[in-house]
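Since the structure comes first, as structure tokens, the remarks are kept for the end.
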Amino acid sequence: MSPSAYAAWSKDDLIARIQSLEAVLASDPKIPPEKIPRPQIPTTSQTAQKKSKKERKPFDINAYPKRKIALKFCYAGWEYNGLALQSDPTPLPMVEAVLLKALGDCRLIDPELGLEGCGWSRCGRTDKGVSGAGQVVALWVRSAIGTRPDARKKNLPVEDTAAALQVETSEATAEEHPDEPPATTNSADVEQSESPEQPQAELRYVAMLNAVLPRSIRVLAWSPVADDFDARFSCTFRHYKYFFSAGFPPYPHLSLSSGQNGLLDIEAMQDGAERLVGNHDFRNFCKIDPSKQVDNYTRRITHATIIPVDPLDASALSSSPSTSPLYVLDLKGTGFLYHQVRHIMAVLFLIGARLEPPSIVDTLLDAQTITRKPVYEMADGLPLVLWDCGYPDGSLSWRVDDSGSANPASASKAGGPQSAHNLFYDFDLLGSQSRTKMVMMEHFAQAAEVFHSPPRPPSDDSGVFRVPLGGGLFLQSALNKYVKLLDRPRGERSEDVNERWRTGAGARRKERREARAAAAAEGSAAEPADSISQAEKHAGPSTEVS
């Protein structure tokens, strides 16, 4: 048998073959080679099955200590169908679904128990396309600190077991995700766990999760939290940013001779934004979701300003899509209604296009006079980012893995510039890919010019206006056909919308829940939950925006 035939054999199969040959030769040293029994070559499926059985080790998360932590992470919203886990299939994955799988792959939670099993809470629920730069969730996870639940009476330490399990988890996840850099284990951590004189090292949550997550989701830091900490209800403020171009698309109804150059009127938009600050009824700046039965639309905005992304670019007046300056709406508040930021941005766009005065903000905030919202299209969700979430002083102590530092800037040095999980490398890679795609799109347009004539912007006196919706989208119509917001059709009163749902779909949902509860009380099998899934129950009222 040729040596190459043994290439596919496992270590155990080779040892068994050697032992069988030794047994044959021991019985008769002079036996001719052709009389030696030929081996049964294991098939690839048999080898894979043995390897698979070896990897399937039973894991009981309840045998390990647990602690409650908060995770701060960012995600590129355009690659996901939203943040909150959904019961129905979605065209794109949900951020929470990807996070839960990563936590399960790292054996930090029991994936079978889902959101409720780990006490999951989120700060701000973002919709499809909306990104997060400082999203926060809280949950119970496996820990390396403490005593094993099954060994508390014997006072047995868990350092060695936890360290070994972490290494094993990293190796397993590296095989499942070959396109991601493998998680590395710091030798100092192992030495620390083996030395009883030194304090225990916690699991490297950031490195472990980033090793299995896609690059479009990055865990930035983690923090220990109190048992009663809730990422949503403990939050004191939320900070949103909305990015937009001041010169795209062009506004041909503006007089070029006046020096306006077709750019959005940033000063007027700033005037409108400043009127948002304070406690106001924002029912005319949101979308009503009757299933939430919201009856209080008063929210407090603490900061609203429009600033250039790059102050140097803001000085260059140009209506070209590629060279016009970029601005950002910087908005902070204690809480937000459903799609509130996108409705605010839509009104500010109308002000910037000189179709509405800044005073329209004050008028719409007067809910006693304007009891029903005028019909208008909200801004696109692509440029919207949940920038940060605020919490009471002392409730969080952000750190990166085992650095023990509350300062993420200094804690990041623990990984070193060559760390396989260097976040700046990931962000730079994604940025480089985006710039490459932009250049490719420009060249695709050049290739199309061979067969198609590019559209020409209408002349200054054509009477056409374009209103941006964000993310490159815009509305276009004849200037003499524009209808002022206060002259447009009005939607229903929020009280009427809530009442219709409460007596219709809401009543039917209540009946189904009561029927299931009664069946469960009688000990019979409850009917399948067709309306309130685990994900829906845990989602709660949306505090976002998008």
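The values are calculated or read from the model by the stated rules, or taken from the named source; none is laboratory data. None of these values were measured; they are calculated from a predicted model. Cβ sites come from the backbone with ideal geometry, for glycine too, and all protein chains shown count toward neighbours. Protein only, heavy atoms only, side chains kept; ligands, DNA and RNA dropped before computing areas. Shrake-Rupley method; radii C 1.70, N 1.55, O 1.52, S 1.80 Å.
Data table
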item	result
Karplus 3J(HN,Hα) series, Hz, for the range 512-520 with 6.51 cos²θ - 1.76 cosθ + 1.60 (x for Gly, Pro)	5, 5, 5, 5, 5, 5, 5, 5, 5
Restraint check, K332/K484; K128/K241; K373/K510; K72/K101; K128/K510; K101/K292, Cα-Cα greater than 21 Å	K332/K484; K373/K510; K128/K510; K101/K292
Accessible surface, 1.4 Å probe, highest first, among residues D426, D228, D388	D228, D388, D426
Total formal charge among the other residues, if their Cβ is under 11 angstrom from that of D271, Lys/Arg +1 and Asp/Glu -1	-3
Solvent-accessible surface ranking, highest first, for H343, H280 at 1.4 angstrom	H280, H343
Residue-wise HN-Hα coupling along the range 383-394, computed from phi with Karplus coefficients 6.51, -1.76, 1.60 (Hz; x: Gly, Pro)	x, 8, 9, 6, 7, 7, 10, x, 9, x, 4, x
Cut-off under 5 Å, modelled amide H: who pairs with I307 long-range	V328, D330
